Amino acid sequence: MKKTILIFALILTFPVLVLAQGEKKKAVYFYAETCAHCKIVNDYFQANNIYDKYDIQKIEASGPYNIDYLNKFFDAFNVDAEKRGFPVLFFSNKMIFGDQPIIKSFEIEIGKVDASEFPTPENIKASLIDEEGEVENEKSGASVSLPVLFWAALVDAINPCAFAVLILLVATVISAKGKKEGLLSGLLFSLSVFISYFLMGLGIYKAIGAFNLPQIFSIVIGGLAVLIGLANLKDFFWYGKVFVMEVPFNWRPKMQAIIKRVTSPLGAMGAGFLVSLFLLPCTSGPYIVILGLLAQKEDLMRSITLLAIYNFIFILPMIVITVGMYFGIRAKRLENWRQQNIRLLHLIAGSIMLFIGAYLIYTWI
């Protein structure tokens, strides 16, 4: 009875053992009997049971047929003739050349790939071509270049309504507490807008990325940029008609009421957070375009860096206005300049956004 059970157990275990043997990762190893570096690799493999852990096909490459076969592997990797030699290992679509690289990285690298079959020059070449195609496809999609980021942030930065808010705030604090308090208030207001926009942008970025939207969404982003550009051009030709690419007129009394109550730097910082809620829904079309691009193509760490750059550009005119008022530029003079150039600002913004939209759409076609 016990013998029967033992035989039955062996019969059941045998396929598992066979499968376990079949699961060894495979590699092709080219060497030469007269090669001192090959002896170093062989001694290391024997001492560390590499030949038992992996299914390694050893090929002595000094003969004419085997050297031709080795050269086909090198051809697949486009290795220059003067850089060829042995020992060399091939597995999956990877190559490791030289005794020390093999000793240091073979087990690490083969652990990263599916090496369930012995590599051939043909399979390696086809695999590398596929990888290059994937890289080219990634490059062909639009990503966020710094010029695109800069111009989109500039459109956001020159929004006339943001200027009006800041001019009113700094003038209010200067009249109540003096220039130093006004300077600090303007800087803290700008900082709070930076933080608010950055955090809201990060939230939108995560929300867009969570949906894993298809490539068509990227084309929609380009179309959105074109629409924002056309809307700004509308404000150049017919300012105030139907809608404006600014905070709506009926929202402005509420913002002004908030600003007029500010008489300290700390209050200015709080006002910056509140005003950001008014500004974001109405003035951040360029921001949405950039966030859409980031969510499609960029990893989180690079996206955070680019968001920080964008928002610094966005608040830069606020800092300039604040410093200018500290050094004596009158609020009335700045407000007159804003009103006189409000259409021009929309023309500049519209032209930039049309260019960005056309560029993005052209990139994806």
| said: Once R0 is set to 35 Å, what does the formula 1/(1 + (r/R0)^6) return for the Cβ-Cβ distance between residue 80 and residue 302, expressed as a FRET efficiency to the nearest 0.05? | reply: 0.55
| query | Based on the Cβ-Cβ distance of residue 332 and residue 242, what FRET efficiency does E = 1/(1 + (r/R0)^6) give at R0 = 25 Å, to the nearest 0.05? | reply | 0.25
| If you average the sequence gap of Cα pairs under 8 Å that are 6 or more apart and divide by the length of the range 27-81, what percent do you get for the contact order? | 44 percent
| query | Fewest first, what order do 234, 112 take by the number of other Cβ atoms within 10 Å? | reply | 112, 234
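Take the Cα gyration tensor of the range 25-134, multiply each eigenvalue by 5, square-root it, and list the three semi-axes largest first, rounded to whole angstrom.
21, 18, 12
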| query | So how far apart, in nm, are the two label points at residue 347 and residue 127 if each is 7 Å from Cα heading toward Cβ? | reply | 6.0 nm
| query | Taking the convex hull of the alpha carbon atoms in the range 301-358, what volume per residue do you get, in Å³? | reply | 79 Å³
| Proxy reagent accessibility, fewest Cβ within 10 Å first, across 80, 156, 75 | 80, 75, 156
| Relative to the present Cα-Cα distance, how much length would full extension add between residue 120 and residue 206 at 0.36 nm per residue of separation? | 26.7 nm
| task | Set the Förster distance to 22 Å, then compute FRET efficiency between residue 44 and residue 112 from the Cβ-Cβ distance, nearest 0.05. | result | 0.65
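Every number here is computed from the coordinates shown, using simple stated rules; none is lab data. None of the values given here were measured: they were computed from a predicted structure. Because the Cβ atoms are built from the backbone with ideal geometry, glycine has one as well, and the counts that use them run over all protein chains shown.
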